[in-house]
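The values are calculated or read from the model by the stated rules, or taken from the named source; none is laboratory data. The model shown is predicted, which means the values in this text are computed figures rather than measured ones. With ideal geometry, Cβ positions are generated from the backbone for all residues, glycine too; neighbour counts draw on all protein chains shown. Areas reflect the complete protein model, heavy atoms only, side chains present, ligands, DNA and RNA absent. Shrake-Rupley method; radii C 1.70, N 1.55, O 1.52, S 1.80 Å.
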Amino acid sequence: IFLDLYLEKGKSDSSSALRILYFIKDKFPQIPVIIFTASDKAINLDKILEKGADGMIIKESPLFFKTPNYSNNNFNDFKNTINGVSKKYKVLRPYWTSIQEILSHQNFQNIKNTPRFKIKLRIEERLKMFYGLLKKGYEQWEYDKKAFFYSDYELAFMTLWSILNEIQEGFYLKTYPKLILTKSDGEIVS
């Protein structure tokens, strides 16, 4: 989706576009949204990223043409943004589809939350967290990986793995076998 930051003609208020952006990303996080704007203010970029946008394209004004080099660079940025977002969601969308299939599956729907075990809620949260971490993996800086020794992809895997712990805790009773230690001569050690 391409969404203009200033939807209402003559108004320099971005609140309508930001509400629409938030609605789209809240209900349909698997759909990429790129914001178009003539404003090159950093605060706008912060706002749109906060609401879930996948990128921002700064439109050139036909009234204030800068240079051919600027236009070429701007067009290349546009292409790179589109290509990057397309590649990201080509990978992410099947994960979101699978998560929705899991959450709507009858076996998942039949899970009962109890006051002690809110397993259904925790599994749903972790599946969404997994998706969010995969998405963040595309947006992670090399500096973070090298300086802090972590990867959002690794965190996504660990989050997905933690669902197995939830299932184990909610549906299986942990029992520990009684260990019997013996000395080399066969005597039992208490």
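Please name which of 106, 16, 164 has its Cα lying farthest along the dipole of the chain towards the positive end, using unit charges on Cβ (Lys, Arg +1; Asp, Glu -1) and the Cα centre as origin. Highest projection toward the positive end goes to 106. Listed by chain and number, the lysines whose C-alpha is less than 17 Å from the C-alpha of residue 146, apart from same-chain residues fewer than 8 away, are 136.
For the chain, the alpha-carbon radius of gyration amounts to 1.54 times the rule-of-thumb value 2.2 N^0.38 Å expected for a compact globular protein. Checking the cross-link pairs 25/79; 87/135; 47/90; 51/135; 87/145; 25/51 against a 19 Å limit on the alpha carbon distance flags 25/79; 47/90; 87/145 as lying beyond it.
Rounded to the nearest 10 degrees, the inclination of helix 152-171 to the longest alpha-carbon principal axis of the chain is 40 degrees.
Output the direction-averaged projected area (hull surface divided by four) of the convex hull of the alpha-carbon atoms of region 127-176, in nm².
Values: hull surface 17.8 nm².
Answer in nm², one decimal: 4.4.
Just the protein heavy atoms count here, and of the accessible area of the chain at 1.4 Å, carbon and sulfur take up 59 percent. When the chain is treated as a GNM with alpha-carbon contacts under 10 Å, the residue of 164, 127, 173 showing the greatest mean-square fluctuation is 173.
Across the chain, the relative contact order, built from alpha-carbon pairs under 8 Å that are at least six residues apart, equals 13 percent.
At a probe radius of 1.4 angstrom, the accessible area of the chain per residue rounds to 73 square angstrom.
Close amide H contacts of residue 36 (hydrogens built in the peptide plane, cut-off under 5 Å, sequence separation of 5 or more or a different chain): 3, 4, 5, 57.
Sorting 54, 4 by accessible area puts them as 4, 54; the probe is 1.4 Å, largest comes first, and only protein heavy atoms count.
Report note on the peptides 76-88, 175-187: ranked by the mean count of other C-beta atoms within 10 Å, highest first, their order is 76-88, 175-187.
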